[in-house]
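Here is the structure we will look at.
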Amino acid sequence: MLRCIIVDDEPIAIGILEKYISKFQQFILIGTCKSVRECKEILRTQKVDLLFLDIEMPGMTGLQFLKSLENPPLAIFTTAHREFAIEGYELNVVDYLLKPIPFNRFECAIKKSIERFESRIIIEENKIYVKSGTTVLKLTVKDIIYIEGMGNYIRLHFSSGRPTVIYQKMSEIPNILNSNNFVRIHRSYFIALDKVSSYTNTHIYINGNELPIGVSYKSEIKKLLDNLKNKG
C-alpha cells in the first residue's frame, strides 16, 4: 500500500484528487494539506510514500518545498501552470499533471508511481528483493560488491552477473543495508569493504573496477582499509 498526501490550497482540486485516489485500492490517503507547512508536520511524524503536490501555493512553492526535503517521497505535481514542467522533471517527479486533470491522465500517473515504488529495495532478514522489470531478484547483502549512485537511481554491482538499476536514493542506502561492511567512499559510491582487492590514496580496486575516493572521505576510508588489512 502506498501512503499518500494531497498538498493543495484549492478545496475543489483537493476534492477531485480525493475522488480519484479512492478508486485505487493500492493507495491510502493519510492527509490533505493546504500549505507545505501542514505537510511538513505530517512528514515529520508519519511515513509517506507519495505526494500529490501543487506548485503555486502561499509561503513556499511546491518546487521549493520538494527541493528542501532531504529524503523526499515520490511526488506527482498537480498544477495549472505548464511552464514549470521542465523544472519538475529535473527533480525526477513521477509525473506532471495539468489542471483540470482528466481521470485517464491521473490513472497513467498512478501506474507510474506504483512502478517506481515497487522497484525499490525490500529488505527481509538480510535478504534483498529487487524488482528488475517483471523479474524479482532475491539477493543477500554479501552478493553486492559496490553501489553506484545516479541521481534518484542506484546501480547495484555484483561479483558475478549484470548490474541492476533501481529507483533508490544514495542517502537511503545506510538505512537499507544496515551493515558495517558497507561504507561510502565518494558521493556516488558505496563499497563492500571485504570485497576490496587493493587501494591507493585516490582509488579503490574492487572486482576489476577502479573507483575514486572522494576528497572528504579519504582520511576515514584509509583508516578503515588499513585496519582491515592489519586484521587480515
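The values are calculated or read from the model by the stated rules, or taken from the named source; none is laboratory data. Because the structure is a prediction, the values reported are computed rather than measured. When we count neighbours, we look across all protein chains shown, and the Cβ atoms used for this are built from the backbone with ideal geometry, even at glycine.
Table for the structure above
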| quantity | calculated |
| --- | --- |
| Selection from the stretch 8-54 of residues that are part of a loop (DSSP other than H, G, I, E, B) and touching a Gly at 6+ places or on another chain (Cβ under 7 Å) | S35 |
| Some residue of the stretch 65-76 being modelled with pLDDT under 90, surrounded by fewer than 19 Cβ atoms within 10 Å (Cβ to Cβ), outside any loop (DSSP other than H, G, I, E, B) and not hydroxyl-bearing (S, T, Y) | yes |
| Subset of the stretch 176-225 [hydrophobic (A, V, I, L, M, F, W, C) and either within 21 Å of the chain's Cα centre (by Cα) or surrounded by fewer than 14 Cβ atoms within 10 Å (Cβ to Cβ) (or both)] | I176, L177, F182, V183, I185, F190, I191, A192, V215 |
| Of the criteria (1) charged (D, E, K, R); (2) assigned to a loop (DSSP other than H, G, I, E, B); (3) crowded, with 16+ Cβ neighbours inside 10 Å, which one R3 fails | (2) |
| Every residue from the stretch 155-164 that is in contact with a helix residue (DSSP H, G or I) (Cβ under 8 Å, 6 or more places away or on another chain) and at pLDDT 85 or above | F158 |
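A quick yes/no check of all residues on (1) among the β-branched types (V, I, T); (2) over 18 Å from I5 (Cα atoms); (3) touching a residue at least 40 places away in the same chain (Cβ under 8 Å):
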{"position": "I30", "(1), (2), (3)": "yes, no, no"}
{"position": "I42", "(1), (2), (3)": "yes, no, no"}
{"position": "F52", "(1), (2), (3)": "no, no, yes"}
{"position": "I76", "(1), (2), (3)": "yes, no, no"}
{"position": "I114", "(1), (2), (3)": "yes, no, yes"}
